[in-house]
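The values are calculated or read from the model by the stated rules, or taken from the named source; none is laboratory data. Fair warning: this is a prediction, and the values are worked out from it, not measured in the lab. With ideal geometry, Cβ positions are generated from the backbone for all residues, glycine too; neighbour counts draw on all protein chains shown. Remember, those area values only see protein heavy atoms, side chains included, never the ligands or the DNA or RNA. Shrake-Rupley method; radii C 1.70, N 1.55, O 1.52, S 1.80 Å.
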Amino acid sequence: MLKEIKFASSSTSGSRGRVLRSVSSATSGKTTALESDETIYALSSGGGSAATAVAVIRITGPQSHLALQTLLSKMQQESYEDIPLPKPRYASLRKLYDPIVVSKKLNSSQDDKLREKAEQSLIGITRDPLDSSLVLLFEGPRSFTGENMVEIHSHGSRAVVQGVLGALGNLALPPYNLNIRPAERGEFTQRAYGSGKLGLVEVEALADLIVADTSYQRLQALRQLDGRLSDLYEEWRKELIKGLAHAEAVIDFGDDEDLGDDDLAFEDTESIESGEMGVWGAIRPRMKELARKMEKHLSDAQRGEILRDGVKVAIVGVPNAGKSSLLNVLADREAAIVSPIAGTTRDVVNVVLDLGGVRCIVSDTAGVREDGSTCDIIEVEGIKRARKAAHDAHILLCMVDSTDEENGINAIKDILKDVNTDLKTKKIIFIRNKVDLLGDVENDQVKRMNNDALSSLSVCETFEISCETTSGVDVLIDALTRMLYERLNLSHENSESKASATEEDAVITRARHRRHVESAAEALRRFEMRSGEGYVALDMAAEELRLAASELGRITGAVDVEDVLDVLFSDFCIGK
């Protein structure tokens, strides 16, 4: 099944502003939250540019429960701490009331007696109702943020949502004077990270889940969110720390230091008999096995990143081959301009599609001519961009006009000469368009004439279609879906197979993860060399283990990652 992915415009502010920061302990490596006495609130869903049935407003922080108590009071009071709260973790239907504030002129007045008199005069006044809302109360640390927390499920009209948000904002004013303010982007999630409710990898998974377009993106994000990727990296890091502890023991006490049971868990008979184990005991073969696991983890053809970001599919060929028509058929709308004039498309036109649960970025490109055959600088730039799209694509749809197939094949050859045609990383599909313009006999003759030229291309499969009649397009889409699944190691036979695909091993989903794992594996390769040099290189070998452990710690957040946090949390929407 193929459908276009449509994107809703964000109604959140572009301001990044103030965020709760976290720090990493230099001694323990554990992330801890900076203490904050601020309570924050935000709209988490619904009630944006258009009215919705329900809007969710979240409040977290030390005064979140008191803020709710203040909104639950029908009468203006001197204190609200005695107002009954709902039972924690149970939904309760409650009426919310608009808190009354003193005059802004009195707020700025330095006459405390005058302000206190005004505040006293408000006591006993009946408040205006805001909404009848479903309220949920959470007590820290059993909440998303690890703090006391409140969720208000209100009606989703803009009047109600703005009324509740405005009432929460007024609680910072006299006579309430709560330490409460609107939340910044990602601040709820950052507090969850700071309190240890989420690790850095889980935070990234949550960000991916929020913006997931397709079912497989959702499944991959959920697999990462359940902690399996963090657990894998932490397991490796602990193994490195054990090796490092052994090295430090040898440095401090000499090579006669007794090895623990963990050190003897791995035995390398060949190394023992050859006398190569030296000062490292059984640590060296263990680190060798760990390096092998990392190399296997890295040799995944980047399928996790590709699934997360989307598979790039480029349609290339000569002018007027029908590339834009194919894009429109796939998108099921007029995404690109189509005309009988050759060279209509001058730039790359991208359409994001959901193809069998996989996010695909399909690119229509300018028709490629022979070098020097056009003096139009705009068309020349378009051809340059078409070649780049072909170079960057994971799947190439090479299209020719079947009524002029020889010219089309020559153009395809010209495009592919600068493209890596390794079938492990790039799939090439040959498409003969406009077959409806040829008779059966003529079509067979054309195919026989160009068979030798076509065989020289690294083509996976060949298809005959007509964008005009859509003949053969369904077969092409089915084959394209199958190739996507093969490229990403997914299953497409049935829903049960799809579910079983979620139980596969943890995969790398971000370039950041890959960079750190590569650095850790490289450090282990250097360790392998240094550890064979005996006492002379003991310190240097131990440093390589320390570097490898540090690189893995940067993935999970066990090692200082403040620069990553600033970018990551600013990408979240307000209220998450």
For this session: Using amide H atoms built 1.01 Å from N in the peptide plane, name the residues 5+ places from VAL54, or on other chains, whose amide H lies under 5 Å from its own.
Result: GLY156
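Quick one: if the Förster radius is 30 Å, what FRET efficiency do GLU461 and LEU437 give, using the C-beta to C-beta distance and rounding to 0.05?
Numbers: r = 22 Å, r/R0 = 0.74.
That gives a FRET efficiency of 0.85.
Sort 322-332, 163-173 for me by packing, meaning the mean count of neighbouring Cβ atoms within 10 Å per residue, highest on top. All intermediate terms of the calculation are to be shown ahead of the outcome.
Working: 322-332: 22.3, 163-173: 18.7.
Result, highest mean first: 322-332, 163-173.
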For this session: Using a 10 Å cut-off on Cβ atoms, rank the peptides 199-212, 290-303 from the highest mean neighbour count down.
Result: 199-212, 290-303
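May I ask for the Kirkwood hydrodynamic radius of the stretch 112-203, worked out over all distinct Cα pairs and given in angstroms to one decimal?
Details: mean 1/r = 0.0627 Å⁻¹.
For the stretch 112-203, inverting the mean 1/r across all distinct Cα pairs yields 15.9 Å.
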Problem set entry | Base-10 log of normalised Debye intensity for the stretch 288-362 (one unit scatterer per alpha-carbon) at q = 0.11, 0.19, 0.24, 0.25 Å⁻¹ | -0.43, -0.82, -1.07, -1.12
For this session: Using a/c under 1.5 as the rounded threshold, could you call the stretch 162-221 rounded, prolate or oblate? The axes a ≥ b ≥ c are square roots of the C-alpha gyration tensor eigenvalues, and prolate needs a/b larger than b/c, oblate otherwise.
Result: oblate
Seminar exercise, completed: Phi angles of the stretch 207-222, converted by Karplus (6.51 cos²θ - 1.76 cosθ + 1.60, θ = phi - 60°) into ³J(HN,Hα) in whole Hz with x for Gly and Pro, give 4, 5, 5, 5, 9, 4, 9, 10, 5, 6, 5, 4, 4, 5, 5, 5
For this session: Once you've got the Cα coordinates, tell me which of LYS312/LYS417; LYS312/LYS426; LYS312/LYS413 are over 22 Å apart.
Result: none
Seminar exercise, completed: Most packed first (mean Cβ within 10 Å per residue), the peptides 522-532, 90-100 order as 522-532, 90-100
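Under the 0.36 nm per residue contour assumption, what length would be gained going from the current alpha-carbon distance of GLU528 and ALA479 to full extension?
Numbers: separation 49, 0.36 × 49 = 17.64 nm, distance 4.53 nm.
Working it through step by step, the gained length comes to 13.1 nm.
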Seminar exercise, completed: With the label point 7 Å along the Cα-to-beta-carbon line of THR403 and a cut-off under 18 Å to each amide N, the hits in the stretch 304-346 are 318-326, 338-344
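Calculate, for ASP418 and SER121, the FRET efficiency according to 1/(1 + (r/R0)^6) with r their C-beta to C-beta distance and R0 60 Å; round to the nearest 0.05. Walk me through the numbers on the way to the answer.
Working: r = 80 Å, r/R0 = 1.34.
It comes out at approximately 0.15.
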Seminar exercise, completed: Amide H contacts under 5 Å for LYS427, restricted to residues at least 5 apart in sequence or on another chain and with H modeled in the peptide plane, are ILE395, LEU396
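How far, in nm, would the chain grow between THR344 and VAL54 when pulled straight, counting 0.36 nm per residue and subtracting the alpha carbon separation?
Values: separation 290, 0.36 × 290 = 104.40 nm, distance 4.67 nm.
The THR344-VAL54 span can extend by a further 99.7 nm.
Under unit Cβ charges (Lys, Arg +1; Asp, Glu -1), what dipole magnitude, rounded to 20 debye, does the stretch 313-362 have relative to its Cα centre?
On the way: 4 positive and 4 negative charges, 20 e Å.
Computed about the Cα centre, the dipole is about 100 debye.
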Exercise. So what J values fall out for the stretch 330-343 if you push phi through Karplus, 6.51 cos²θ - 1.76 cosθ + 1.60 with θ = phi - 60°, rounded to Hz, Gly and Pro as x?
Worked result: 5, 7, 6, 6, 7, 7, 10, 6, 10, 8, x, 7, 5, x
Exercise. Based on the Cβ-Cβ distance of ARG333 and TYR90, what FRET efficiency does E = 1/(1 + (r/R0)^6) give at R0 = 60 Å, to the nearest 0.05?
Worked result: 0.80
For this session: Please give the contour-minus-distance gain from ARG158 to LEU173: 0.36 nm per residue of separation, less the Cα-Cα distance, rounded to one decimal in nm.
Result: 3.1 nm
Exercise. Considering only protein heavy atoms and a 1.4 Å probe, what is the carbon-and-sulfur percentage of the accessible area of the stretch 290-354?
Worked result: 50
Exercise. Ordered by residue, what ³J(HN,Hα) values in Hz, to whole numbers, does the stretch 459-474 give under the Karplus form 6.51 cos²θ - 1.76 cosθ + 1.60, where θ = phi - 60° and Gly and Pro are x?
Worked result: 8, 6, 8, 10, 9, 10, 9, 9, 5, 6, 9, 6, 5, x, 5, 4
